[in-house]
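Novice: Right, I'll just put the structure down here and ask away after.
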Amino acid sequence: MAALDVLKTLQSEVGSRRDGTPGASRAREWLAAQCQGMGLPVEMDEFTFVSSERYRPLLQMVFVSLIVVGFILSFSGQPLLGGASLFLAFFLFFNLRKTLEIRLARTPSQNVIAGLKRPISHYVAEENKGPAVLLCAHYDTPRNMPPWAEKLRGGFRFLGPLALLGILLYVLSLILLAFGWLLDVAGWDGLLIFARSVNPWIGGLTLLLAAPLLLLMFFSSLSTLLRKKTDSPGADDNGSGTALVVELARRFKENPPKNLELFFAWWGAEEYGLFGSRQFVRRFHDQLDKDLFYVVNADCVGVGELLAVHSGQGTLSRRQTDPVTLERVERVAGQLGVKTIRTWESIISGGSSDHAEWVNRGYRQAISILRENYRPISLPARIFAALLRIPDANQLDIGHIHTPADTIEAIRPQILEETAALAEAYVRDIDQEWGEVASH
């Protein structure tokens with residue numbers, strides 16, 4: 001059975017499968033049955049997630065409010081308090097949020113995890129582990145965006161980096177102010193007087209640059225709270241990745257690798273904030289060998305012309321993918337005639353996927369593969385990336401996901417099949433390498 005046939009069966013027998021709904025339960029049962037039918041040992045990995053759909057928009061509204069308060073304080077001659085408000089906003093949204101989400105997670109769900117030869121729990125518990133590859137994808141589907149959000153998605157790509165440039169300018173003004181205070185202590189007050197005089201103007205310019213994005217974020221959050229919600233069909237996001245991993249399990253069952261172990265995982269609650277993969281990694285990351293464990297995450301692999309390969313992630317604190325791993329993916333893709341593009345996951349690139357927690361924990365051989373279409377990066381994004389020296393700062397376009405248009409008709413069979421072939425070739429290349437190591 002080809003990956004497209006698996007996807008058609010998934011979409012017809014299960015349909016939409018947002019976590020916390022009967023569709024997600026059907027998806028888990030369907031996946032377990034597929035694995036058991038191939039003779040694979042299956043484990044249902046328990047986790048919890050925040051199912052409230054008010055949580056994320058309310059958090060975003062708090063984030064926006066703290067930034068606005070910071071700008072107001074700057075206008076009123078309180079730059080330190082303004083800077084503290086901005087710091088609190090970003091710390092809450094990008095750091096404290098993760099801890100908060102784990103504490104608030106109460107709704108139970110399950111990841112579906114299968115092994116080619118044995119359950120993954122046996123491998124994790126083993127003291128002397130050999131090389132292993134985990135092929136994974138998330139099985140849950142998202143909500144549809146409102147039509148106005150679909151039309152403005154391109155605007156967010158321009159306004160987001162523009163707002164970031166404004167905030168960067170404001171941070172630089174605070175640094176200038178701090179140096180002014182230091183020099184004032186040393187008896188020279190010229191820089192401090194200058195910094196105080198320009199700070200309100202910089203605050204105003206920052207507000208001008210950031211205001212359009214902040215207004216859009218506030219009203220999109222308000223819309224999420226109030227509007228009637230519908231579920232996306234989820235054929236590409238992420239039926240395509242789910243089907244690809246099922247198809248790879250079948251291929252490797254028929255022709256297993258000789259020098260490494262294989263495991264297959266389907267994560268839950270990705271659309272709520274990567275809960276399934278994050279909690280699995282948090283529980284077991286210290287029991288796995290970062291040099292022996294490879295992760296291949298498939299997400300939205302049925303439409304785009306380009307194979308997007310994440311070369312790393314982070315805007316300030318950064319984690320780089322192993323260069324040898326990147327070279328391997330690109331070499332295998334080149335042999336199959338698949339065009340690739342590197343993307344560095346940052347504020348500019350947008351959302352994340354289930355590879356993220358692995359990368360955060362130092363697994364440099366964890367990759368995520370997506371099929372996307374390239375769109376030219378906006379001028380503010382280019383400037384921001386240059387100033388912060390963000391590598392591979394490409395913006396890619398998947399216009400159909402999170403919409404009613406994400407149906408089986410949108411899937412391009414050739415794209416899905418060549419991605420499955422690429423993922424299989426990538427694993428077999430790793431297997432061959434470990435065979436050569438063993439022979440020496």
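Novice: Among the residues of segment 122-147 satisfying the criterion of being touching a Phe, Trp or Tyr at 6+ places or on another chain (Cβ under 9 Å) and part of a helix (DSSP H, G or I), which is farthest from SER277 (Cα to Cα)?
Specialist: Per the criteria, the residue is TYR123.
Novice: Okay, moving on. Has segment 225-248 got at least one residue that is touching a residue at least 60 places away in the same chain (Cβ under 8 Å), touching a Pro at 6+ places or on another chain (Cβ under 6 Å) and outside any loop (DSSP other than H, G, I, E, B)?
Specialist: yes
Novice: Ok, one more. Can you name every residue in segment 319-334 that is surrounded by 16 or more Cβ atoms within 10 Å (Cβ to Cβ) and either outside any helix (DSSP H, G or I) or on the phi > 0 side of the Ramachandran plot (or both)?
Specialist: ARG319, THR321, ASP322
Novice: Which one is nearest to the chain's Cα centre (by Cα), of the residues in segment 56-93 that are among the hydroxyl-bearing types (Ser, Thr, Tyr) and modelled with pLDDT under 90? Before you say what the answer is, go through the steps one by one.
Specialist: Going residue by residue through segment 56-93, those that are among the hydroxyl-bearing types (Ser, Thr, Tyr) are 65, 74, 76, 85.
Remaining after also requiring modelled with pLDDT under 90: 74, 76, 85.
Numbers: SER74: 34, SER76: 38, SER85: 27 Å.
Checked segment 56-93; the qualifying residue nearest to the chain's Cα centre (by Cα) is SER85.
Novice: Which residues, taken from segment 335-352, are loosely packed, with under 14 Cβ neighbours inside 10 Å and more than 13 Å from ALA423 (Cα to Cα)?
Specialist: If the condition is that a residue be loosely packed, with under 14 Cβ neighbours inside 10 Å and more than 13 Å from ALA423 (Cα to Cα), then GLY337, LYS339, GLY351 are the ones that fit.
Novice: Next question, about the same structure. Would you please name the residue that is surrounded by the most Cβ atoms within 10 Å (Cβ to Cβ), looking only at residues in segment 26-41 that are over 14 Å from THR9 (Cα atoms) and free of Cβ contacts under 8 Å to residues at least 12 places away in the same chain?
Specialist: Among those residues, the one meeting the criterion is GLN36.
Novice: Go through (1) outside the structural domain of LEU222 (by TED's automatic domain parsing); (2) at pLDDT below 95 for GLY39 and report which single condition fails.
Specialist: So the condition that GLY39 fails would be (2).
Novice: Something else about it: Which of the residues belonging to segment 52-77 are aromatic (Phe, Trp, Tyr) and either under 15 Å from PHE91 (Cα atoms) or surrounded by 19 or more Cβ atoms within 10 Å (Cβ to Cβ) (or both)? Spell out the reasoning first.
Specialist: Filtering segment 52-77 for residues aromatic (Phe, Trp, Tyr) gives 55, 63, 71, 75.
Those that are aromatic (Phe, Trp, Tyr) and either under 15 Å from PHE91 (Cα atoms) or surrounded by 19 or more Cβ atoms within 10 Å (Cβ to Cβ) (or both): PHE63, PHE71.
Novice: Out of segment 392-410, which residues are among the small types (Gly, Ala, Ser) and buried (at least 20 other Cβ atoms within 10 Å of the Cβ)? Spell out how you get there, then give the answer.
Specialist: We begin by selecting, within segment 392-410, every residue among the small types (Gly, Ala, Ser); these are 393, 399, 405, 410.
Of everything in segment 392-410, just one residue is among the small types (Gly, Ala, Ser) and buried (at least 20 other Cβ atoms within 10 Å of the Cβ), namely ALA393.
Novice: Among the residues of segment 259-295, which ones are of a type in the set (Phe, Trp, Tyr), within 21 Å of PRO131 (Cβ to Cβ) and surrounded by 20 or more Cβ atoms within 10 Å (Cβ to Cβ)?
Specialist: At the first step, the residues of segment 259-295 found to be of a type in the set (Phe, Trp, Tyr) are 263-264, 266-267, 272, 275, 280, 284, 293-294.
Filter once more, so that each one left must be within 21 Å of PRO131 (Cβ to Cβ): 263-264, 280, 284, 293-294.
Within segment 259-295, PHE263, PHE264, PHE280, PHE293, TYR294 meet the criteria.
Novice: Shifting gears a bit: Given the criteria surrounded by fewer than 19 Cβ atoms within 10 Å (Cβ to Cβ) and more than 30 Å from GLN11 (Cβ to Cβ), does ARG389 qualify?
Specialist: Working: surrounded by fewer than 19 Cβ atoms within 10 Å (Cβ to Cβ): yes; more than 30 Å from GLN11 (Cβ to Cβ): yes.
The answer is yes for ARG389.
Novice: Here are the criteria: (1) surrounded by fewer than 20 Cβ atoms within 10 Å (Cβ to Cβ); (2) assigned to a strand (DSSP E or B); (3) of a type in the set (S, T, N, Q). Tell me which single one THR315 does not satisfy.
Specialist: Result: THR315 fails condition (2) only.
Novice: Show me the helices (runs of 4 or more DSSP H) entirely contained within segment 1-91 in which 1 or more residues are of a type in the set (Lys, Arg) and touching a helix residue (DSSP H, G or I) at 6+ places or on another chain (Cβ under 7 Å). Full working, then the answer.
Specialist: On the way: elements: 3-13, 22-37, 55-75, 79-91.
It comes to 3-13.
The values are calculated or read from the model by the stated rules, or taken from the named source; none is laboratory data. Being a predicted model, the structure only gives us computed values, none of them experimental. For neighbour counting, all protein chains shown are included, and Cβ atoms are generated from backbone atoms with ideal geometry for every residue, glycine included.
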